[in-house]
1. What single numbered condition from (1) in a helix (DSSP H, G or I); (2) under 21 Å from Thr214 (Cβ atoms); (3) open to solvent by 10 Å² or more (accessible area, probe 1.4 Å); (4) not charged (D, E, K, R) fails to hold for Gln44?
2. For segment 164-193, what are the residues that are buried (at least 24 other Cβ atoms within 10 Å of the Cβ), among the hydroxyl-bearing types (Ser, Thr, Tyr) and more than 20 Å from Arg297 (Cβ to Cβ)?
3. Here is a list of conditions, (1) open to solvent by 10 Å² or more (accessible area, probe 1.4 Å); (2) under 23 Å from Cys254 (Cβ atoms); (3) in contact (Cβ under 8 Å) with a residue 60 or more places away in the chain, and Cys196 meets all of them except one; can you say which number that is?
4. Please find, among Thr42, Thr97, Thr46, Thr9, the residue that is closer than 17 Å to Ala174 by Cβ and more than 11 Å from ligand 1 (Cβ to nearest atom).
Amino acid sequence: MPKHIIIDTDPGIDDSLALLLAAASPEIVLDGVIAVHGNVSTEQTTKNALSVLELAGLSQVPVFKGCDLPLVKESLLSPETHGNQGLGYAQLPESATQPQLKHGSDFLIEQIMSHPGEITLVAIGPLTNVALAIRKEPKIVQNVKEVFIMGGAIQHPGNTTALAEYNTFVDPHAAHIVFHSGMPMILTPLDVTYQCIFTKDDLNRLLKINSPITKFIADSTRFYMEFHDEYQSIDGCVINDPMTLALTFMPEICDYQDLVVDVDISTGVGLGNTFGDFYNYEKKPKNMKVAMGVRPRMFMELFLERMEKLAQKNRDIPKTTVLS
Ligand code: BDR
Ligand code: CA
């Protein structure tokens, strides 16, 4: 039975790759996409989600706009990482489909409460919408099947401050609400995503297929690779978000540890820092499973094969001359 999935996202280059992976994965049914502020404004993440879904052949999937701002802090966009429009050098046509009128957090509540124990939530942006939904309807905590979260850096340096990962830094208060909610959570932190680099060789393999899908991947990741090179001296780019989605149907990509994980919401240099209580000093019950080990090639092969399949389905047909 395929898993019913809702993706909460801020596309974003790697978010877009996660949407493409969803389109290419028969193990899941995508019930809806909720846009959140983050890499670009919510206005733009909503547009990007619609355009990428259309590119992927998923324009029937409803898209909902979520929160424009973090719960407490000011917003922090990331044009240096994802470009001013969020998709690097890629330019997609505006989708013919409009976002739904309902707020994303209300859609999430409605879906979880009307399908108890069936909805898997994949949150790959700041956790604002999810925290708001918990505050509006706390019963979703017992009724969601599981929540996969891309966020945090447990024993790894931050990618936004020395200590904090982007999604938890942008809305640490939302992350705090979600982490302490009691939802069944699986965290994919930078500890594992930074071991999976999408390289130029990987891209060249995909570019053997001439398709709008491979063109999009090339144009978006070229920008992302330039960012990784300039800011982190990484040759290639880290595709955090599709890896998080992949764990919903191929958990064996990672090894997990049950941990007490918290996020710093004090106002010092550690704001947004996520930390695990490895020696159980606090004597608190573990609140999540954390991916701490990874088989990078297993994920990368899965990703590349799925992108190849999707691209094959959407090949550019060479123009033929019609003889009369
Ligand atoms: C996370 O931050 C964003 O820039 C990416 O889309 C990903 O979700 C990685 O820290
Ligand atoms: Ca993201």
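The values are calculated or read from the model by the stated rules, or taken from the named source; none is laboratory data. Since the structure is predicted, the reported quantities are computational estimates derived from the model, not experimental observations. Note: ideal-geometry Cβ built from the backbone for every residue, glycine included; neighbour counts use all protein chains shown. For the accessible areas, the whole protein counts, side chains as well, though only heavy atoms, and no ligand, DNA or RNA atoms are used. Shrake-Rupley method; radii C 1.70, N 1.55, O 1.52, S 1.80 Å.
1. Failed condition: (2).
2. Within segment 164-193, Tyr166, Thr168 meet the criteria.
3. (1)
4. Numbers: Thr97 fails: closer than 17 Å to Ala174 by Cβ; Thr46 fails: closer than 17 Å to Ala174 by Cβ; Thr9 fails: more than 11 Å from ligand 1 (Cβ to nearest atom).
Only one candidate qualifies: Thr42.
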